[in-house]
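Here's the structure we're looking at; comments come further down.
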Amino acid sequence: MLFIANFKANKNSKETLAWLSEFHKIQQSLSISKPTVIIAPSFTALEPSAIFVKKNTWMFPLYLSAQDISEYPVGSYTGEVTAYELKEIVTYAIIGHSERRKLFAETEEVVNKKILAAKSQSIIPIVCISSINEYSKIKDVSIIAYEPKEAIGTGKAQNPNTAFKILKTIKKNNILQKVLYGGSVGKENVSGYIQDGGFDGVLVGSGSNDPSNFLKIIQYAGKK
Ligand code: PGA
């Protein structure tokens, strides 16, 4: 079961380290069977986070993810952060988040280039889609995050029955693909997607701002 914390552009390095330190302290209280936890801090906080993660002992596998990745290879691309630069620090990269598609005009072509760029350096893409139409344009990835646009950051999570229809369509196409749900996930609704619905995990934005709340989401995922 995958649990992803997406900090978006909310935390600087110091705040990210404080989050990790608190999360480390409270992780022992987790009683569900081994989750896999992925933290996605800002680029500026990735390296200190990697050092912190490495030097501490964790009760479950914990990995770092970038929130985005350049579509370009290493070279003269001022301001870009490439897969080559990220590969020492992260295991995963979130690609095609709806905020990037909407606010930064990221097209399917760009998303697919980013997927290839990540894979070229053995970074695992976590590709966000908000519809089956977007899904149909994405090839050959092992993790999909289904995030309906109207559910992101609104407090209005999609009805699990609607989300399951998308999940079923994706699984019918590729049974091996891991499919996560994202969009206003909280401790009160997480088990509906995981226990009842068969999603392979959740991508959490605002619910991950506070480490103890994020830990509760992981905990409640295992409860009916
Ligand atoms: P949210 O964000 O949990 O705040 O809705 C989810 C996301 O944007 O990945």
If you go through 105, 5, the only one that is surrounded by 13 or more Cβ atoms within 10 Å (Cβ to Cβ) and either over 30 Å from residue 192 (Cα atoms) or not basic (Lys, Arg) (or both) is 5
In the stretch 64-100, residues that are hydroxyl-bearing (Ser, Thr, Tyr) and touching a helix residue (DSSP H, G or I) at 6+ places or on another chain (Cβ under 8 Å) total 4
Quick count over the stretch 191-224, residues being surrounded by 19 or more Cβ atoms within 10 Å (Cβ to Cβ) and on the phi > 0 side of the Ramachandran plot, is 1
*asked:* Yes or no: the stretch 154-164 includes at least one residue that is under 17 Å from residue 197 (Cβ atoms), near the ligand (Cβ under 10 Å from one of its atoms) and touching a helix residue (DSSP H, G or I) at 6+ places or on another chain (Cβ under 6 Å).
replied: yes
When every residue in the stretch 117-127 that is of a type outside the set (S, T, N, Q) and assigned to a helix (DSSP H, G or I) is compared, the one surrounded by the fewest Cβ atoms within 10 Å (Cβ to Cβ) is 119
(message) Taking the criterion of being surrounded by 13 or more Cβ atoms within 10 Å (Cβ to Cβ), modelled with pLDDT of 95 or more and either in contact with a Gly (Cβ under 6 Å, 6 or more places away or on another chain) or under 16 Å from residue 218 (Cα atoms) (or both), would at least one residue in the stretch 52-68 satisfy it?
(response) yes
In the stretch 172-190, anything surrounded by 15 or more Cβ atoms within 10 Å (Cβ to Cβ) and away from the ligand (no atom under 16 Å from the Cβ) is listed as 177
Residue 114 fails exactly one of (1) away from the ligand (no atom under 14 Å from the Cβ); (2) surrounded by fewer than 15 Cβ atoms within 10 Å (Cβ to Cβ); (3) outside any loop (DSSP other than H, G, I, E, B), namely (2)
Note: among 17, 2, just one is within 20 Å of the chain's Cα centre (by Cα) and either farther than 16 Å from residue 203 by Cβ or of a type in the set (Val, Ile, Thr) (or both), namely 17
Flagged in the stretch 150-182 as touching a residue at least 24 places away in the same chain (Cβ under 8 Å), part of a loop (DSSP other than H, G, I, E, B) and closer than 17 Å to residue 1 by Cα, in numbering order, are 176, 177
In the stretch 190-220, anything part of a helix (DSSP H, G or I), more than 16 Å from residue 34 (Cα to Cα) and in contact (Cβ under 8 Å) with a residue 40 or more places away in the chain is listed as 206, 208, 211, 212
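The values are calculated or read from the model by the stated rules, or taken from the named source; none is laboratory data. Just so it is clear, the structure is predicted and the values come from calculations on it, not from any experiment. For neighbour counting, all protein chains shown are included, and Cβ atoms are generated from backbone atoms with ideal geometry for every residue, glycine included.
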